[in-house]
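What follows is a short report on a single structure.
The values are calculated or read from the model by the stated rules, or taken from the named source; none is laboratory data. Every value quoted in this text rests on a predicted model; they were computed, and no experiment measured them. Cβ sites come from the backbone with ideal geometry, for glycine too, and all protein chains shown count toward neighbours.
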Amino acid sequence: MADPVPNSVPTPKLTRLKEFLLPSPVLGLEVSADGRLLVAAGQDGSLLRVDPESGTHEPLGRHDSYARGVALLSDGTTLVSGGYDGRLLWHDVASRKAIRTVKAHDFWSWDLALSRDGRWIASCTGRYEAGGYKYEPASEREPSVKVFDARSGELRHALPHVPPTQAVAISPDSRHVAAGNLMGEVRVWDLETGKQVSQWTDGDLTSWGIVKSHHYLGGIFAMTFSPDGNELYVCGMGPMNDPMAGNGVQRWQRFDWKNGKRLDQTHERESGQGLMEALAFHPSGTWFVMAGRLFQGTWNLAVFETATGKNVFSVDAKHRITQVRFSPDGSRLYLSKARGQEKPKDGKWGPAGLVEIHRWELS
């Protein structure tokens, strides 16, 4: 990507336009190309169709455990969802009926990715189990990454990784799929052949606990290719002596995925502490957004200039952010959130999920 003229990039500004309360913490979010449909994936397994004007919602489908990933196919009428029940579900949006069920994994579907051409849907899985006296992860019990035909649901590739594999992404040209795991290891495969074309490990996103308990925690929680497809961005949380504290650096990393060389990461003194769970590029490619949970500091959502990696805007969004999405024209930013559960009133639990719509403008 070509570097811009120094100091020529304006600073983004966010203005919250709407906020919708939902019954359960929202773990995933999808937005239609025309912005007229929002789909929220809930911790209670629900898939809710949300009206972006009024915030009213109606059930679209359900998983038997947490609903996590959601993706609208290019026809705009079919939704694919993944959940902690290990299933991928195809839904007809108009009728709100499930039209296909695929048992993708024996464990959770941690993350879901749809190729830009609408051909591939990828899901990743795996649990952390100690494989030896050094507590290194045990070998996978099933293929950690599976790629399906997005239209037919037919399995195309079953790809090996070291579990748990928590994030997956497909390149903009729909030719490669990447996945990252607990240990900060990334693997990239060719989608036509299923052949692995790249592999590397960066330990700055995983932690070995030496306080309270001995185990690994963290890893890569979200990833995305750069708009030109030449680089791969990942995020999570920097290493800690006490992983239970959740006080590692809010961290993104940028790699040349063809050779695994790290090109950049969160700059010193530009972040606080907390787990980052969401990454997205602005459609212009000039900025990217990282968001998640705040442990200590001043922000849990920040905008970074792509060319320099500089933090140019940040805000404390008050609640854990699980997903970020842009409108195709870049004028709107959509957030899904999980709120702290309030005590029940009159025997009823209050809403624990949020979807927000923000106007993106330049100052």
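What to note about this one:
- Looking only at residues of segment 333-363 that are closer than 30 Å to residue 263 by Cα and more than 18 Å from the chain's Cα centre (by Cα), we find that the one that is surrounded by the most Cβ atoms within 10 Å (Cβ to Cβ) is 360.
- Check on residue 171, free of Cβ contacts under 8 Å to residues at least 24 places away in the same chain, surrounded by fewer than 24 Cβ atoms within 10 Å (Cβ to Cβ) and touching a strand residue (DSSP E or B) at 6+ places or on another chain (Cβ under 9 Å): no
- Failed criterion for residue 62 (all others in (1) free of Cβ contacts under 8 Å to residues at least 24 places away in the same chain; (2) in contact with a Gly (Cβ under 8 Å, 6 or more places away or on another chain); (3) more than 23 Å from residue 324 (Cα to Cα) hold): (3)
- Any hit, segment 283-290, residues being surrounded by 17 or more Cβ atoms within 10 Å (Cβ to Cβ), under 18 Å from the mean Cα position of the chain (by Cα), of a type in the set (Phe, Trp, Tyr) and closer than 16 Å to residue 207 by Cα: no
- Filtered residues of segment 201-227 (kept if part of a strand (DSSP E or B), small (Gly, Ala, Ser) and within 18 Å of residue 260 (Cα to Cα)): 222
- Where strands (runs of 3 or more DSSP E) fall wholly inside segment 238-325, the ranges with 3 or more residues that are touching a residue at least 40 places away in the same chain (Cβ under 8 Å), within 29 Å of residue 355 (Cβ to Cβ) and in contact with a strand residue (DSSP E or B) (Cβ under 7 Å, 6 or more places away or on another chain) are 250-256, 276-281, 287-292, 301-305, 311-315.
- Some residue of segment 237-254 being over 27 Å from residue 296 (Cα atoms), surrounded by fewer than 24 Cβ atoms within 10 Å (Cβ to Cβ) and modelled with pLDDT of 95 or more: no
- Residues (surrounded by fewer than 20 Cβ atoms within 10 Å (Cβ to Cβ) and within 27 Å of residue 163 (Cα to Cα)) located in segment 103-117: 103, 106, 107, 116
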